[in-house]
Structures are given as C-alpha cells and as structure tokens.
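Below is one structure; the comments refer to it alone.
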Amino acid sequence: MLCAFLLLFFTPRVLAQDERLFRELLLNSEQEKLLRDVKPIYRIQARSNRHFLDLTEDIRNESLFTSKRDGEDWLEIFDHKGEPLLKESLDTHGPWSRLYKIQVRRLNKISKVMILYFYEGVSRYLEFQGTTRIYFISYDNNNLSSLKIYKGPVIWDEKRSFKDHYHQRVYDISFYDLDGDHTREVTVSYGRMNRVYKYLGKGNWYNFDDQEALKQF
C-alpha cells in the first residue's frame with residue numbers, strides 16, 4: 001500500500017521531468033525530425049492593420065503587420081508585390097502587447113535601419129509593470145533579401161506599486177557618427193543606462209556598454 005501511494009505521489013513529477021528522455025528512447029531520430037517539422041495549428045489568431053512604407057525609396061511601398069497566435073506575437077514584412085520577406089517572433093510579457101511606432105533611418109551610404117518600438121505588454125504579479133523594447137531591422141544596398149532583425153534594449157517602462165505609486169522612465173534615441181567612420185551609431189539612454197549600438201554590416205551589430213563606449217569614442 002505504501003509503495004502504491006509513493007508511486008502515485010511521485011510519478012507525475014518524474015514523468016514531467018523525464019518526458020524528453022522518454023521521447024528520445026521511444027522515438028528514433030527520423031520520427032523526431034518529422035515532429036519538429038510539423039507546423040503548429042493555432043486556435044486563436046488576430047493581426048494588426050497592415051502598415052505601408054517605402055523602404056527602398058523607389059515609390060513602391062513595402063508593408064508589414066504584427067499578429068497574435070495563441071498568445072505569441074509575430075512580425076511579418078512583405079515586398080511591394082506582397083511576397084514575404086521576413087517573419088520573426090517578438091518577446092511579450094503579458095496582454096496589451098503591440099507595435100506602436102516605426103522609424104526608418106539611414107546609417108551610411110548603403111545601409112539603413114528600421115527601428116520598431118514594441119510594447120511588450122503588462123504583468124500584474126504583485127505590481128503592475130509594462131515595458132517597451134526596440135528592434136533593429138537592417139538592410140544593405142536597398143536589397144530587402146538582406147533584412148536582418150536584432151533584438152535591442154528595453155527603452156521605457158511604467159510601473160505601479162501596491163501602494164498605488166506610478167512612475168515612468170524616460171528614454172532618448174539618437175543617431176551620431178561617433179568614431180568618424182561615416183556610419184552613424186545608435187545611442188540609447190534609458191534611466192541610468194547608456195548604450196551605443198554600432199552597425200557592422202550584413203545584419204550584425206555590436207553593443208558597447210558604458211566603459212567600452214568611453215574607450216572606443
């Protein structure tokens with residue numbers, strides 16, 4: 001009787017912890033690959049309005065929208081013919097997540113960046129808190145097949161404590177050629193945080209912290 005009780009008490013936890021091991025033992029690698037390739041079926045889907053903007057300055061508008069799929073947020077970008085260019089998931093922390101601002105800036109003669117301001121939603125555990133994060137989408141030579149997304153920092157937050165105290169942190173985003181190489185860096189100030197993001201080309205970025213930035217520039 002005691003053994004049966006212990007088995008019933010501990011089995012669910014053991015099965016949950018070792019599920020991956022059991023799958024590897026019971027399924028061969030080809031079956032595992034088939035499972036990974038199965039596209040998820042979403043039960044609840046919604047999407048934002050489609051936003052149109054001319055990324056290549058050829059008087060033909062590209063477009064993008066964000067969508068929600070069972071609590072996941074996705075970004076999709078299309079060329080002027082409506083063909084897909086980029087599809088990426090965006091981090092969320094709770095309900096009310098949304099894209100609310102898009103900014104396109106030139107970094108140098110051949111490279112541009114589209115900055116997305118994405119509100120990550122709110123959490124209500126113990127206290128109310130919401131955050132905004134920026135994403136950098138870079139492309140070179142007006143070639144939209146070179147679109148690459150880079151997850152940037154949190155730039156803004158709001159918080160309401162259980163004592164009903166509410167505050168917001170201000171931010172500033174600027175574009176300067178700090179090292180004189182004819183490519184503008186993106187500087188981000190948020191509260192006491194200061195960061196410099198340098199574009200290296202081909203979708204690659206380097207994030208300087210405060211000390212590195214001081215030494216470099």
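The values are calculated or read from the model by the stated rules, or taken from the named source; none is laboratory data. Quick caveat: nothing in here was measured; it's all calculated off a predicted structure. Every residue, glycine among them, receives a Cβ derived from its backbone with ideal geometry; neighbour counts consider all protein chains shown.
Among what's in the stretch 74-113 and is under 12 Å from the mean Cα position of the chain (by Cα) and basic (K, R), pick the residue that is nearest to N49 (Cα to Cα).
The qualifying residue nearest to N49 (Cα to Cα) is R98.
Yes/no matrix, rows are residues, columns are (1) crowded, with 18+ Cβ neighbours inside 10 Å; (2) of a type outside the set (K, R); (3) under 19 Å from the mean Cα position of the chain (by Cα); (4) modelled with pLDDT of 90 or more:
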| residue | (1), (2), (3), (4) |
| --- | --- |
| L147 | yes, yes, yes, yes |
| F162 | no, yes, no, no |
| H165 | no, yes, no, no |
| Q168 | no, yes, no, no |
| F175 | no, yes, no, yes |
| Y190 | yes, yes, yes, no |
| N207 | no, yes, yes, yes |
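Could you grab me the full set of residues in the stretch 105-114 that are surrounded by fewer than 19 Cβ atoms within 10 Å (Cβ to Cβ) and not in a loop (DSSP other than H, G, I, E, B)? Talk me through it step by step, then tell me what you get.
Here is the first cut: in the stretch 105-114, the ones surrounded by fewer than 19 Cβ atoms within 10 Å (Cβ to Cβ) are 105-106, 108-110.
Listed by number, the residues that qualify are R105, R106.
Give the number of residues within the stretch 57-102 that are closer than 17 Å to M114 by Cα, among the charged types (D, E, K, R) and in contact (Cβ under 8 Å) with a residue 40 or more places away in the chain.
The qualifying residues number 6.
So that you can scan it fast, the table gives a plain yes or no per residue for (1) over 22 Å from T132 (Cβ atoms); (2) modelled with pLDDT of 55 or more; (3) of a type outside the set (D, E):
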position: L6; (1), (2), (3): yes, no, yes
position: N28; (1), (2), (3): yes, yes, yes
position: P40; (1), (2), (3): yes, yes, yes
position: R43; (1), (2), (3): yes, yes, yes
position: A46; (1), (2), (3): no, yes, yes
position: N61; (1), (2), (3): yes, yes, yes
position: T66; (1), (2), (3): no, yes, yes
position: G71; (1), (2), (3): no, yes, yes
position: Y100; (1), (2), (3): no, yes, yes
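When you go through (1) farther than 24 Å from G201 by Cα; (2) loosely packed, with under 14 Cβ neighbours inside 10 Å; (3) aromatic (F, W, Y) one by one for F128, which number turns out not to apply?
Of everything listed in (1) farther than 24 Å from G201 by Cα; (2) loosely packed, with under 14 Cβ neighbours inside 10 Å; (3) aromatic (F, W, Y), F128 misses just condition (2).
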